[in-house]
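Engineer: Supplied in structure tokens, the structure appears directly below.
Every number here is computed from the coordinates shown, using simple stated rules; none is lab data. Just so we're clear, the structure is a prediction, and the values are computed from it rather than from any experiment. Positions of Cβ are backbone-derived with ideal geometry, glycine not excepted, and every protein chain shown enters the neighbour counts.
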Amino acid sequence: MSEIKTQLVVLGAGPGGYSAAFRAADLGVDTVIIDAREALGGVCLNVGCIPSKALLHVAKVIQEAKQLSAHGVTFGEPTFDLDKIRSWKDSVVEQLTKGLAGMSKMRKVKHVQGYGKFTGPNTIEVEGKDGITTITFENAIIAAGSEPVSLPFVPKDERVIDSTGALEMRDIPSKMLVLGGGIIGLEMGTVYHALGSEIDVVEFLDQLMPAADKDIVKMYMKTIKNKFNTMLETKVTGIEAKDDGLYVTFEGKQAPAEPVRYDRVLVAVGRKPNGSLVAAQKAGVTVTDRGFIEVDKQMRTNVSNIFAIGDLVGQPMLAHKASHEGHVAAEVVAGKKHYFDPKGIPSVAYTEPEVAWVGVTEKEAIEQGLNYEVATFPWAASGRAIACAATDGLTKMIFEKDTGRLIGGAIVGTNAGEMLGEIGLAIEMGADAEDIALTIHAHPTLNESIGLAAELFEGTITDMP
Ligand code: FAD
């Protein structure tokens, strides 16, 4: 049994936790970070954002190479060496987690490996390989993240996988059901489709990626219609594991009448916060029934020396939200007057094509009773999109009607996620349609569609000097 005394303990080393720990250490706070995993980086680096993007890169190249045959360049049918694909993905993760370990060491952040639980408002016990470590702290930041939701009727069978299982890439199933039409399921569906799997997607709601803009998702649906068989407003009611496959029964609008046989079922119905797993109540921290921890704008819980960040404080469960919250919490611990109040948090589905949005969606604008105007630019009219055979795209911007201020934007199309940065910056800086229209966008770029959409906002052109 060992004991450590520190000014700050960070529980969980995902993007929220390591960002908080590094910022605190940079500000001179003596910091300890705890994680059950050996490598820093949490879900995002180890089994989330990064390995999925390595595989999506492979999928994108395969798809682009296939499309080239329409323009006179034909490659042979791809063959797949799963061991090599897996080692490529693992090497990407390793490079980044090693980088984090180096940055942690440089900052003298002490990493305690093991499972941590609060034992009081100033103490945590960590159960690790070498026994128990008791940490006494002045301040704590809880950054324990989230885990996949499982469904009660799903049998325990190695052919039923979650996102972590999908990233392991044990084999390429001939036919896979993606249960849940959210970002994670669609990204993994994109990967497996590129590698040759037949993919069905079932979604309980009437839209894939329910939080995204309706028009953008409509365009996405058009582009994937030959890729995925999508069943909306349909739910899975049972999965029976038999020797020759998983037999899935459906109910709802697009439900097949008979059970359908799959080689794999990927359950991707969302993630649940880990707030209840850290014994936070022993420190007096309130955890909701669903496992979230409530915080104020400075990321402080109901206990004044304990903060919480990342997936376990609420939606959207995204790495960049976690890291920004981490910076806020660390700066407040270090005595600075920082708070978390972004005008928009970008969401990106790195599918092919990508779907990206930030700020208010049109649905939210209607629900909030905002007086707004929409300006859209179809990529079929973009020179760059035509030259790259990427015309299945749309840029949609939402302006406040009275002021012309940009309040939301959504893009579907290749590289939409990279393009979204400009819209996010414009929203955060309070830019209006004229600011964006007068910004000279290079020609021919896909980003031009943002400037051209802004020009379409009523009054922009005539009001220009
Ligand atoms: P996490 O990253 O969840 O890290 C929490 C850490 O805490 C874990 O390492 C865990 O081991 C540790 N922990 C938990 N409890 C304890 C305990 N009691 N003791 C010790 N350690 C503990 N987001 C994006 O923004 N972009 C993407 O492209 C993206 N892609 C994704 C793809 C997949 C397949 C998945 C699953 C997620 C993806 N996400 C993406 C979501 C992103 O991974 C999360 O939003 C992000 O990791 C949350 O960060 P966090 O700091 O809250 O916690």
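Engineer: Arrange the following residues from fewest to most other Cβ atoms within 10 Å of their Cβ: 357, 88, 379.
Structural biologist: 88, 379, 357
Engineer: Could I ask something else about it? Computed FRET efficiency, Cβ-Cβ of residue 381 and residue 147, R0 51 Å: what is it to the nearest 0.05?
Structural biologist: 0.70
Engineer: Tell me what the chain gives for mean residue ellipticity at 222 nm when only DSSP H runs of n ≥ 4 count, each as -39,500 (n - 2.57), the sum divided by the residue total, rounded to 500 deg cm²/dmol.
Structural biologist: Roughly -9500 deg cm²/dmol at 222 nm, from the helical runs in the chain.
Engineer: Let me ask something else. If the label point is 7 Å along Cα→Cβ of residue 168, which residues in segment 130-160 have backbone nitrogen under 19 Å from it?
Structural biologist: What the label zone holds, given the 19 Å backbone N cut-off, is 147-151, 154-160.
Engineer: Positive end of the charge dipole of the chain (Lys, Arg +1 and Asp, Glu -1 on Cβ, about the Cα centre): tell me which of 128, 380, 72 has its Cα farthest that way.
Structural biologist: Among 128, 380, 72, the one farthest towards the positive end of the dipole of the chain is 128.
Engineer: Contour minus end-to-end for residue 438 and residue 368, with contour as 0.36 nm per residue of separation and end-to-end as the Cα-Cα distance? Spell out each step's value before the answer.
Structural biologist: Values: separation 70, 0.36 × 70 = 25.20 nm, distance 2.92 nm.
So the chain would gain 22.3 nm between residue 438 and residue 368.
Engineer: Against the 2.2 N^0.38 Å scaling, with N counting residues, where does segment 212-356 land? I'd like the Cα-based Rg ratio to two decimal places.
Structural biologist: Normalised Rg, Cα atoms only: 1.43.
Engineer: Under unit Cβ charges (Lys, Arg +1; Asp, Glu -1), what dipole magnitude, rounded to 20 debye, does segment 332-465 have relative to its Cα centre?
Structural biologist: 360 debye
Engineer: If you don't mind, another one. Could you check the spin-label model distance between residue 156 and residue 79? Points 7 Å from the Cα along Cα→Cβ, value in nm.
Structural biologist: 4.0 nm
Engineer: On to the next question. With the Cα gyration tensor of segment 160-269 in hand, give its eigenvalues times 5 under a square root as the equivalent ellipsoid semi-axes, listed largest first in whole angstrom. Intermediate values should be presented prior to the final figure.
Structural biologist: Values: eigenvalues 88, 57, 28 Å².
Its equivalent ellipsoid spans semi-axes of 21, 17, 12 Å.
Engineer: While we're here: Of all the C-alpha pairs in the chain, what % are more than 30 Å from each other?
Structural biologist: In whole percent, the long-distance tail amounts to 52.
Engineer: If the reach is capped at under 23 angstrom between alpha carbons, list the lysines near residue 5, excluding any in the same chain fewer than eight residues apart.
Structural biologist: Candidates past the 8-residue exclusion: 105, 108, 110, 117, 129, 282, 336.
Engineer: For a Förster distance of 51 Å, can you work out the FRET efficiency between the beta-carbons of residue 242 and residue 290, rounded to the nearest 0.05?
Structural biologist: After rounding, the FRET efficiency stands at 0.90.
Engineer: Counting only Cα, what are the radius of gyration and maximum Cα-Cα distance Dmax of segment 77-126, in Å?
Structural biologist: Both quantities, over Cα of segment 77-126: 18.4, 60 Å.
Engineer: Something else now. For the chain, return all DSSP H helices satisfying: extent of Cα atoms along own axis at least 30 Å; mean Kyte-Doolittle hydropathy at least -0.5. Spell out each step's value before the answer.
Structural biologist: Values: long enough: 82-106 (36 Å, -0.36).
Both cut-offs are met by 82-106.
Engineer: In debye to the nearest 20, how big a dipole does segment 160-269 give about its Cα centre with +1 on each Lys and Arg Cβ and -1 on each Asp and Glu Cβ?
Structural biologist: Approximately 300 debye in magnitude.
Engineer: Still on this model: On a straight-distance basis, which lysines could pair with residue 363 in a cross-link, Cα separation under 21 angstrom, same-chain partners fewer than 8 positions away excluded?
Structural biologist: The reachable lysines, counting only those whose Cα sits under 21 Å from residue 363, are 214, 218, 222, 343, 396, 401.
Engineer: Semi-axes of the equivalent ellipsoid for segment 346-458, please: Cα gyration tensor eigenvalues, times 5, square-rooted, ordered largest first, whole Å.
Structural biologist: 22, 16, 12
Engineer: Kindly provide the trypsin sites (Lys or Arg not before Pro) of segment 250-315 that DSSP labels as loop, not H, G, I, E or B, and whose Cβ sees at most 12 other Cβ atoms within 10 Å.
Structural biologist: 253, 290, 297
Engineer: Check the cysteines of the chain one by one and keep only those with no other cysteine Cβ under 4.7 Å from their own.
Structural biologist: Cys with no partner Cβ under 4.7 Å: 388.
Engineer: Straight-line reach from residue 156: which lysines fall under 22 Å, measuring Cα to Cα and dropping same-chain residues less than 8 apart?
Structural biologist: 175, 235, 242, 272
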